[in-house]
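Have a look at the structure below before the remarks.
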């Protein structure tokens with residue numbers, strides 16, 4: 001069994017254990033696993049945003065996220081500080097507003113691996129600071145390594 005398969009088995013077992021601890025009628029579509037570093041404050045704020053908006057989020061701390069990013073085929077230009085995985089295997093990279101995760105999960109995207117907000121745009125969930133805001137795009141990432149704009153965020 002190669003490293004990627006072993007990591008996926010461990011992830012699946014962790015999710016099963018997490019699900020058993022969850023409320024019995026929690027919708028599996030609202031369960032997420034967020035890979036982050038233990039000291040990243042904006043990651044903790046993004047997890048709070050997701051929980052406050054109806055997601056059941058489990059976190060897993062890592063010293064380095066490079067292996068996680070590689071395992072999920074997240075190219076360097078699409079990376080951010082944390083990687084979230086849904087129970088059905090879609091990845092959500094970075095500070096994505098959860099309404100777009102909900103929207104994405106309700107749609108059919110057979111060639112997609114998930115969504116990304118590259119970098120850490122000011123004003124995105126978890127990156128709030130005073131009234132500062134930088135417009136940003138949410139990208140849909142595809143199996144072939146390409147992307148396209150899924151949504152443009154022009155204001156708070």
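Among the residues of region 90-99, is any at pLDDT below 95 and out of contact with any strand residue (DSSP E or B) (no Cβ under 7 Å at 6 or more places or on another chain)? Break it down into steps so the answer makes sense when it comes.
Filtering region 90-99 for residues at pLDDT below 95 gives none.
No: region 90-99 contains no residue that is at pLDDT below 95 and out of contact with any strand residue (DSSP E or B) (no Cβ under 7 Å at 6 or more places or on another chain).
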Query raised in the report: Got at least one residue in region 99-108 being surrounded by fewer than 21 Cβ atoms within 10 Å (Cβ to Cβ), in a loop (DSSP other than H, G, I, E, B) and without any contact (Cβ under 8 Å) to a residue 40 or more places away in the chain?
Result: yes
Query - Residue, surrounded by the most Cβ atoms within 10 Å (Cβ to Cβ), within region 122-149, restricted to residues that are over 18 Å from residue 49 (Cα atoms) and in contact with a helix residue (DSSP H, G or I) (Cβ under 7 Å, 6 or more places away or on another chain) - result: 141
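Let me confirm something: among 77, 152, which residue is in contact with a strand residue (DSSP E or B) (Cβ under 7 Å, 6 or more places away or on another chain) and more than 23 Å from residue 30 (Cα to Cα)? Explain how you work it out, then say what you get.
Details: 77 fails: in contact with a strand residue (DSSP E or B) (Cβ under 7 Å, 6 or more places away or on another chain).
Sole residue among the options that is in contact with a strand residue (DSSP E or B) (Cβ under 7 Å, 6 or more places away or on another chain) and more than 23 Å from residue 30 (Cα to Cα): 152.
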Query raised in the report: Residue check, residue 134 against (1) within 21 Å of residue 87 (Cβ to Cβ); (2) modelled with pLDDT of 95 or more; (3) part of a loop (DSSP other than H, G, I, E, B), all met but one. Which one?
Result: (1)
**Report entry** Of all residues in region 69-83 being crowded, with 19+ Cβ neighbours inside 10 Å and out of contact with any helix residue (DSSP H, G or I) (no Cβ under 6 Å at 6 or more places or on another chain), the one that is nearest to residue 94 (Cα to Cα)
**Finding:** 80
Report summary line: With criteria (1) outside any strand (DSSP E or B); (2) closer than 19 Å to residue 49 by Cα, residue 116 comes up short on (1)
Report summary line: Pairs returned, first residue in region 45-74 that is on the phi > 0 side of the Ramachandran plot, second residue that is surrounded by fewer than 17 Cβ atoms within 10 Å (Cβ to Cβ) and not in a loop (DSSP other than H, G, I, E, B), beta-carbon separation under 8 angstrom, 6 or more apart or interchain, are 54/102
Query raised in the report: So, in region 36-53, of the ones that are in a helix (DSSP H, G or I) and in contact with a strand residue (DSSP E or B) (Cβ under 6 Å, 6 or more places away or on another chain), which residue ends up surrounded by the fewest Cβ atoms within 10 Å (Cβ to Cβ)?
Result: 51
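The values are calculated or read from the model by the stated rules, or taken from the named source; none is laboratory data. All values reported here derive from a predicted model rather than from experimental measurement. No Cβ is skipped: glycine too gets one built from the backbone with ideal geometry, and neighbour counts run over all protein chains shown.
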